[in-house]
Amino acid sequence: MKHGLAFLLALSFCLVLLPSYAEKAAETLLDRALRVAEDSDNLIRMDEDELYDVVGIAPEDYSDYAYLADYDALSGRELVFVRAVDEEAAERIFSQLSLYLEHRLKATRNYLPDVFRALSEAGIRQRDLLLVLSVAPPDPEEAIKLLQEE
């Protein structure tokens with residue numbers, strides 16, 4: 001009888017924990033980015049075509065992503081959060097993000113000094129297969145927070 005009761009208690013405990021674990025496991029990179037980015041209400045969600053056309057990241061190189069940008073594109077505010085499919089893809093994504101950042105810097109240098117300043121302070125952070133480019137965040141630790149939750 002005691003073993004049966006212990007088993008039922010253990011089973012009920014597992015059933016209580018499973019939904020919260022499933023919710024965390026089901027969270028996408030977009031969900032995480034929207035939760036962490038303080039200004040997510042002011043950013044538009046860019047789709048995978050824009051991730052490829054604008055940033056140059058090929059769909060076959062990632063399994064999940066979040067790409068958020070400012071509505072007017074004048075503030076320079078962007079958040080690109082990508083999970084690469086493997087190490088080689090992570091290297092390609094890092095290269096594309098670097099090139100993208102370099103081109104944005106060149107394009108804004110003489111015309112948009114505030115955006116240029118924000119882009120100059122931006123960097124690409126990587127942890128395993130996760131990469132983050134966070135430009136002009138209200139929270140300077142935004143990229144670190146996104147990577148730490150893995």
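The values are calculated or read from the model by the stated rules, or taken from the named source; none is laboratory data. Predicted, not measured: the structure shown is a model, and the values here were computed from it. Please note: Cβ atoms are built from the backbone with ideal geometry, for glycine as well, and neighbour counts cover all protein chains shown.
Annotation note: Cβ proximity below 6 Å between a residue of the stretch 39-61 that is free of Cβ contacts under 8 Å to residues at least 60 places away in the same chain and closer than 17 Å to S75 by Cβ and a residue that is of a type in the set (F, W, Y) and surrounded by fewer than 15 Cβ atoms within 10 Å (Cβ to Cβ) (sequence gap 6+ or interchain) occurs for I44/Y71. If you go through the stretch 26-68 and keep only what is in a strand (DSSP E or B) and not hydrophobic (A, V, I, L, M, F, W, C), you end up with R45, Y62, S63, D64, Y65, Y67.
Number of residues in the stretch 120-142 that are over 18 Å from N42 (Cβ atoms) and outside any strand (DSSP E or B): the value is 6.
In the stretch 99-113 there is at least one residue that is modelled with pLDDT under 90, surrounded by fewer than 19 Cβ atoms within 10 Å (Cβ to Cβ) and in a helix (DSSP H, G or I). All of D53, D47 fail the test of being modelled with pLDDT of 95 or more and either more than 16 Å from the chain's Cα centre (by Cα) or among the aliphatic types (A, V, I, L, M) (or both), apart from D53. If you go through the stretch 121-134 one residue at a time, how many are within 12 Å of R77 (Cα to Cα) and either among the polar types (S, T, N, Q) or over 12 Å from the mean Cα position of the chain (by Cα) (or both)? Going through the stretch 121-134 one residue at a time, the tally reaches 3. All conditions but one from (1) out of contact with any Ser or Thr (no Cβ under 8 Å at 6 or more places or on another chain); (2) free of Cβ contacts under 8 Å to residues at least 60 places away in the same chain apply to L105; the one that does not is (1).
Just one of the listed residues (L43, L34, L51) is within 15 Å of K145 (Cα to Cα) and either of a type in the set (K, R) or in contact with a strand residue (DSSP E or B) (Cβ under 8 Å, 6 or more places away or on another chain) (or both), and it is L34. For the stretch 54-76, the condition holds for at least one residue, the condition being that it is surrounded by fewer than 21 Cβ atoms within 10 Å (Cβ to Cβ), under 17 Å from L119 (Cβ atoms) and in contact with a Lys or Arg (Cβ under 6 Å, 6 or more places away or on another chain). For the stretch 77-89, a residue qualifies if it is crowded, with 21+ Cβ neighbours inside 10 Å and not in a strand (DSSP E or B), and exactly one does: R77.
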